[in-house]
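The values are calculated or read from the model by the stated rules, or taken from the named source; none is laboratory data. In this text the structure is predicted, and so the values were computed from the model without any measurement. Positions of Cβ are backbone-derived with ideal geometry, glycine not excepted, and every protein chain shown enters the neighbour counts.
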């Protein structure tokens, strides 16, 4: 009888993981988005009782507001931009001072490397909350938020920013159109 294979050991927690490119497209419509927010709110409700929910602008404000509404909690936002500092995230409007001494939940729509979420966490922690946790609708990469509704390796197209106005016309966002063409979606 052959010897059993050696046990698989996971890489150390701080090991760098190779991030795979998206293998497909997940086009989120409004009903599916609503279900994701309900699922996320339920997971949060079962393990954490935030006093205030902070949505990261732009994409995290919408699920953050919905989750805050479902949980019947205060909602605020903070803005982080990737258009400054060579594409690295930069806080352009920090969290409100009401987070001081309160249990905070930071919400974004997706989380890949965690760069945006880590920046948001640091900004909130500077204001000395009682506790802070993170949540996303879609976990898409190596960063592990405290809560997420769905983990996927797909490229995600959100219903509220699928179309934009260019030269006075509503069109599919150019980066989304390019990704759809590249991935055959």
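Being closer than 23 Å to residue 77 by Cβ, out of contact with any helix residue (DSSP H, G or I) (no Cβ under 7 Å at 6 or more places or on another chain), surrounded by 14 or more Cβ atoms within 10 Å (Cβ to Cβ) and at pLDDT 95 or above: is that true of residue 146 here? Lay out the reasoning, then the answer.
Numbers: closer than 23 Å to residue 77 by Cβ: yes; out of contact with any helix residue (DSSP H, G or I) (no Cβ under 7 Å at 6 or more places or on another chain): yes; surrounded by 14 or more Cβ atoms within 10 Å (Cβ to Cβ): yes; at pLDDT 95 or above: yes.
It is true that residue 146 is closer than 23 Å to residue 77 by Cβ, out of contact with any helix residue (DSSP H, G or I) (no Cβ under 7 Å at 6 or more places or on another chain), surrounded by 14 or more Cβ atoms within 10 Å (Cβ to Cβ) and at pLDDT 95 or above.
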Looking only at the range 164-185, count every residue that is in contact (Cβ under 8 Å) with a residue 40 or more places away in the chain and part of a loop (DSSP other than H, G, I, E, B) and tell me the total. 1
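If the requirement is being closer than 22 Å to residue 68 by Cα and under 12 Å from the mean Cα position of the chain (by Cα), which of these qualifies: 123, 93, 135, 131?
Values: 123 fails: under 12 Å from the mean Cα position of the chain (by Cα); 93 fails: under 12 Å from the mean Cα position of the chain (by Cα); 131 fails: under 12 Å from the mean Cα position of the chain (by Cα).
That would be 135, the only listed residue that is closer than 22 Å to residue 68 by Cα and under 12 Å from the mean Cα position of the chain (by Cα).
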In the range 108-120, anything crowded, with 19+ Cβ neighbours inside 10 Å and either over 11 Å from the mean Cα position of the chain (by Cα) or touching a residue at least 60 places away in the same chain (Cβ under 8 Å) (or both) is listed as 116, 117, 120
